[in-house]
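Asker: One structure, as structure tokens, below. Some questions next.
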Amino acid sequence: MSYCSDITKNRILECAKREFLSKGFENAQVAEIAKLAKVTTGAIYRHFKNKEALFFALIEEEYNYTLDVVSDVEKRSEQKTIRIDSDLVDDEAIIENLFLETMLFVDYMYAHFDNFKLIFACSKGSQVENFIEDITERYTAKNMKLILFNAKQEQIITEIKEFEVHVITKGYITSLCECVLHDIPHDNVGEYIRSIVIFQYYGWQGLMKKNNR
């Protein structure tokens with residue numbers, strides 16, 4: 001690809017991002033993107049198969065990074081159990097580790113703020129419109145596996161339902177997305193995330209105590 005072609009492609013992407021952020025995937029028009037970029041629609045289609053491909057090109061890095069994070073969490077969870085007896089763990093140390101791990105992803109979101117806003121707020125009608133729900137399903141399966149494994153190790157019966165786990169998990173994931181959706185300043189986001197982590201940690205403990213016998 002020539003230097004001039006690279007410049008044109010980058011200009012198309014910049015203008016496409018503005019159009020998608022302003023109107024969302026469904027309502028954005030390739031013709032308007034071409035007008036903003038001062039190119040023909042044909043020039044856009046030489047670089048991108050269709051509007052879907054153009055949108056995905058903008059968020060592909062963030063999309064794949066998030067999936068990699070989820071895969072890593074799934075792998076590491078295979079080595080963990082959930083402890084419900086606070087006498088056996090250092091709660092503050094665990095919460096701090098969870099906070100730092102969560103902030104790694106949050107900081108990445110803020111470094112790619114507009115592209116995550118495209119995924120979370122502007123993707124209706126695109127191939128990634130169900131991305132949050134897809135991530136929720138994977139985290140729900142991971143959480144259920146940990147809960148059942150721990151119950152077996154502790155020789156207890158758990159009555160927790162998968163739907164309960166799904167709802168709580170969805171709440172956690174959505175709470176992270178809210179940082180971007182509501183444009184929370186990065187200087188303030190750490191305090192917000194710490195509150196979410198503390199709430200989740202003690203909430204899971206309480207739920208499991210309630211449902212274990």
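The values are calculated or read from the model by the stated rules, or taken from the named source; none is laboratory data. Predicted model, so just to flag it, every value in this text is computed and none were measured. Virtual Cβ from ideal backbone geometry, glycine too; neighbours counted across all protein chains shown. In case anyone asks, the SASA skips ligands and DNA or RNA and just uses the protein heavy atoms, side chains included. Shrake-Rupley method; radii C 1.70, N 1.55, O 1.52, S 1.80 Å.
Asker: Looking at the structure I just gave you, is residue 8 farther than 23 Å from residue 124 by Cβ and either of a type outside the set (D, E, K, R) or in a loop (DSSP other than H, G, I, E, B) (or both)? Even if it seems obvious, please write down each step before you answer.
Answerer: On the way: farther than 23 Å from residue 124 by Cβ: yes; either of a type outside the set (D, E, K, R) or in a loop (DSSP other than H, G, I, E, B) (or both): yes.
For residue 8, the condition - farther than 23 Å from residue 124 by Cβ and either of a type outside the set (D, E, K, R) or in a loop (DSSP other than H, G, I, E, B) (or both) - is met.
Asker: In segment 165-185, which residue that is closer than 16 Å to residue 135 by Cα and touching a residue at least 40 places away in the same chain (Cβ under 8 Å) is most open to solvent (accessible area, probe 1.4 Å)? Spell out how you get there, then give the answer.
Answerer: Of segment 165-185, the ones closer than 16 Å to residue 135 by Cα are 165-178.
Cutting the leftovers down to touching a residue at least 40 places away in the same chain (Cβ under 8 Å) gives us 173-174, 176-177.
On the way: 173: 17, 174: 45, 176: 19, 177: 7 Å².
Only one residue tops the list, namely 174.
Asker: Could you list, in sequence order, the residues of segment 24-36 that are part of a helix (DSSP H, G or I) and either within 16 Å of residue 50 (Cβ to Cβ) or not assigned by the TED database to the domain that holds residue 11 (or both)?
Answerer: Of everything in segment 24-36, those that are part of a helix (DSSP H, G or I) and either within 16 Å of residue 50 (Cβ to Cβ) or not assigned by the TED database to the domain that holds residue 11 (or both) turn out to be 25, 26, 27, 30, 31, 32, 33, 34.
Asker: Could you list all residues from segment 37-67 that are of a type in the set (D, E, K, R) and either touching a residue at least 40 places away in the same chain (Cβ under 8 Å) or in a helix (DSSP H, G or I) (or both)?
Answerer: As a first pass, look at segment 37-67 and keep what is of a type in the set (D, E, K, R): 38, 46, 49, 51-52, 60-62.
Of everything in segment 37-67, those that are of a type in the set (D, E, K, R) and either touching a residue at least 40 places away in the same chain (Cβ under 8 Å) or in a helix (DSSP H, G or I) (or both) turn out to be 46, 51, 52, 60, 61, 62.
Asker: Only one of 159, 129 is modelled with pLDDT under 95 and either among the small types (Gly, Ala, Ser) or over 18 Å from residue 101 (Cα atoms) (or both); which?
Answerer: Numbers: 129 fails: modelled with pLDDT under 95.
Exactly one of 159, 129 is modelled with pLDDT under 95 and either among the small types (Gly, Ala, Ser) or over 18 Å from residue 101 (Cα atoms) (or both), namely 159.
Asker: Let me ask another. Looking at segment 122-153, which of the residues that are in a helix (DSSP H, G or I) and of a type in the set (D, E, K, R) is farthest from residue 18 (Cα to Cα)? Steps first, answer last, please.
Answerer: So the first thing to find is which residues in segment 122-153 are in a helix (DSSP H, G or I), and the list is 131-153.
Keeping just the survivors that are of a type in the set (D, E, K, R) gives 133-134, 137-138, 142, 145, 152.
Values: 133: 25, 134: 26, 137: 31, 138: 31, 142: 36, 145: 41, 152: 52 Å.
Applying the filter and picking the extreme gives 152.
Asker: Consider residue 164 carefully, then state whether it is more than 19 Å from residue 74 (Cα to Cα) and touching a Leu at 6+ places or on another chain (Cβ under 8 Å). Break it down into steps so the answer makes sense when it comes.
Answerer: Numbers: more than 19 Å from residue 74 (Cα to Cα): yes; touching a Leu at 6+ places or on another chain (Cβ under 8 Å): yes.
Yes.
Asker: Given the criteria of a type in the set (D, E, K, R), assigned to a helix (DSSP H, G or I) and over 17 Å from residue 101 (Cα atoms), does residue 183 qualify?
Answerer: No: the conditions fail for residue 183.
Asker: Checking residue 55 against (1) under 30 Å from residue 103 (Cβ atoms); (2) open to solvent by 60 Å² or more (accessible area, probe 1.4 Å): exactly one of these is not met. Which one?
Answerer: (2)
Asker: Let me ask something else. Test residue 113 against the stated conditions and say whether it is closer than 30 Å to residue 61 by Cβ and aromatic (Phe, Trp, Tyr).
Answerer: On the way: closer than 30 Å to residue 61 by Cβ: yes; aromatic (Phe, Trp, Tyr): yes.
Taking the combined requirement at face value, the residue satisfies it.
Asker: Mind checking which residues of segment 11-52 are surrounded by fewer than 15 Cβ atoms within 10 Å (Cβ to Cβ) and closer than 13 Å to residue 123 by Cα?
Answerer: Within segment 11-52, 22, 23, 26, 27, 52 qualify.
Asker: Among (1) among the basic types (Lys, Arg); (2) without any contact (Cβ under 8 Å) to a residue 24 or more places away in the chain; (3) closer than 30 Å to residue 24 by Cβ, which single condition is residue 124 missing?
Answerer: That leaves (2) as the condition not met.
Asker: Can I ask one more? Is it the case, given these coordinates, that residue 188 is open to solvent by 80 Å² or more (accessible area, probe 1.4 Å) and either in contact with a Phe, Trp or Tyr (Cβ under 9 Å, 6 or more places away or on another chain) or without any contact (Cβ under 8 Å) to a residue 40 or more places away in the chain (or both)? Break it down into steps so the answer makes sense when it comes.
Answerer: Details: open to solvent by 80 Å² or more (accessible area, probe 1.4 Å): yes; either in contact with a Phe, Trp or Tyr (Cβ under 9 Å, 6 or more places away or on another chain) or without any contact (Cβ under 8 Å) to a residue 40 or more places away in the chain (or both): yes.
So residue 188 passes the test.
Asker: Continuing with this model, one more query. Within the set of pairs 6+ apart or on separate chains, which have a first residue in segment 108-119 that is more than 12 Å from residue 55 (Cα to Cα) and modelled with pLDDT of 95 or more, a second that is surrounded by 20 or more Cβ atoms within 10 Å (Cβ to Cβ) and of a type in the set (Lys, Arg), and C-beta atoms under 8 Å apart?
Answerer: Correct list of pairs: 114/17.
Asker: So is residue 207 out of contact with any His (no Cβ under 7 Å at 6 or more places or on another chain) and modelled with pLDDT under 95 or not? So that I can check it myself, show each step before the final result.
Answerer: Details: out of contact with any His (no Cβ under 7 Å at 6 or more places or on another chain): yes; modelled with pLDDT under 95: yes.
Yes: the conditions hold for residue 207.
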